[in-house]
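Report on the structure given below.
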Amino acid sequence: MNAKIIAACEAFSKGKAEAALPLLAEDIQWHIVGDRSIDGSAAVKEMCEEAAAQGEPNFENGRVIKAKNHIIVEGADHDTGMHYCDIYTSENDEITEITSYSLAGE
């Protein structure tokens with residue numbers, strides 16, 4: 001797995017999407033489980049810009065699992081207690097799919 005892709009995925013999970021945007025495939029799919037799916041790099045970029053406008057999150061990645069074409073990043077939001085797990089698929093040095101799960105904090 002390309003080190004640049006791994007770093008981009010870790011940054012994206014922490015809410016720092018700008019590092020990942022240049023590595024998104026044009027036809028990327030982002031599945032936010034229980035909420036919506038976002039298709040295409042332009043739509044993902046727009047969603048990230050909307051999130052960034054709300055302020056910088058206090059996310060911290062925990063475990064990162066790397067495989068041949070997948071990266072899994074687990075973490076938590078220290079402000080809300082929300083836990084997340086993002087699963088990234090990479091092909092041809094691009095991020096082609098993201099599946100995001102989150103559990104609300106108590």
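Quick notes
- Of the residues making up the range 84-93, none is touching a residue at least 24 places away in the same chain (Cβ under 8 Å), touching a strand residue (DSSP E or B) at 6+ places or on another chain (Cβ under 6 Å), part of a strand (DSSP E or B) and surrounded by fewer than 16 Cβ atoms within 10 Å (Cβ to Cβ).
- Listed by first and then second residue, the pairs linking a residue in the range 29-56 that is closer than 14 Å to Ser100 by Cβ to a residue that is among the acidic types (Asp, Glu) and surrounded by 12 or more Cβ atoms within 10 Å (Cβ to Cβ), with Cβ atoms under 7 Å apart and 6 or more places separating them unless they lie on different chains, are Gln29/Asp39; Gln29/Glu97.
- Matching residues, the range 18-52, being touching a Gly at 6+ places or on another chain (Cβ under 9 Å), surrounded by fewer than 14 Cβ atoms within 10 Å (Cβ to Cβ) and part of a helix (DSSP H, G or I): Ala51
- Subset of the range 53-65 that is out of contact with any Asp or Glu (no Cβ under 7 Å at 6 or more places or on another chain) and not small (Gly, Ala, Ser) - its residue that is surrounded by the fewest Cβ atoms within 10 Å (Cβ to Cβ): Gln54
- Filter pass, Lys68 being of a type outside the set (A, V, I, L, M), modelled with pLDDT under 95 and surrounded by 15 or more Cβ atoms within 10 Å (Cβ to Cβ): no
- Of all residues in the range 56-83 being in a strand (DSSP E or B) and among the small types (Gly, Ala, Ser), the one that is nearest to the chain's Cα centre (by Cα): Gly75
- Check on Glu10, touching a residue at least 60 places away in the same chain (Cβ under 8 Å), surrounded by 13 or more Cβ atoms within 10 Å (Cβ to Cβ), not hydrophobic (A, V, I, L, M, F, W, C) and not in a strand (DSSP E or B): yes
- From the options Gly75, Gly81, Gly62, Gly105, residue that is free of Cβ contacts under 8 Å to residues at least 24 places away in the same chain and of a type in the set (Gly, Ala, Ser): Gly62
- Any hit, the range 97-105, residues being in a loop (DSSP other than H, G, I, E, B), among the hydrophobic types (A, V, I, L, M, F, W, C) and at negative phi: yes
The values are calculated or read from the model by the stated rules, or taken from the named source; none is laboratory data. As the structure is a computational prediction, the values presented were derived from the model and not from experiment. With ideal geometry, Cβ positions are generated from the backbone for all residues, glycine too; neighbour counts draw on all protein chains shown.
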